[in-house]
Amino acid sequence: MKRYGMVVRVKPEKINECRRLHAAVWPKVLDMIKECNIRNYSIYHWDDLLFSYFEYIGEDFDADIRRMASDPTTQQWWSVCTPCFAPADPREGKAWWKEMEEIFHLD
């Protein structure tokens, strides 16, 4: 199992939309997340940031993420969520989740 922390900026005018969407995530999207070996998934909000935490229990993260990205329902979900986001790192120019380095963990 590997833990992941990721961050993305949320547009201030879109935080209520982001909350509304995540209060009722589509069941097929949730199923795909589970099928791609992601567990214990949470998203937190502070200021203009969203922080996500999840645990990956599979053997090939890149393959599972490609599988998720190729799913039509997930693509549709991302198309309604992505307009809420701004780049975590403006130098990169894309509004998507940026992986963070874990520097401490205690079980």
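Here is how the numbers come out for the structure above:
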item	result
At R0 = 25 Å, FRET efficiency that the Cβ-Cβ distance of Ala24 and Arg3 yields, to 0.05	0.40
Over 24 Å (Cα to Cα) - which of Lys11/Lys34; Lys2/Lys98; Lys14/Lys34; Lys11/Lys94 fall in this group	Lys11/Lys34; Lys14/Lys34
Built amide H within the under 5 Å cut-off of Met100, gap 5+	Gly5, Met6, Val7
Rg over Rh [alpha-carbon atoms, Kirkwood Rh] for the chain	0.95
Fewest-first ranking of Ile43, Ile38, using other Cβ atoms within 10 Å as the exposure measure	Ile43, Ile38
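FYI, it's all coordinate maths here, none of it is from the lab. Just so we're clear, the structure is a prediction, and the values are computed from it rather than from any experiment. Positions of Cβ are generated from backbone atoms using ideal geometry, with glycine treated the same way; all protein chains shown enter the neighbour counts.
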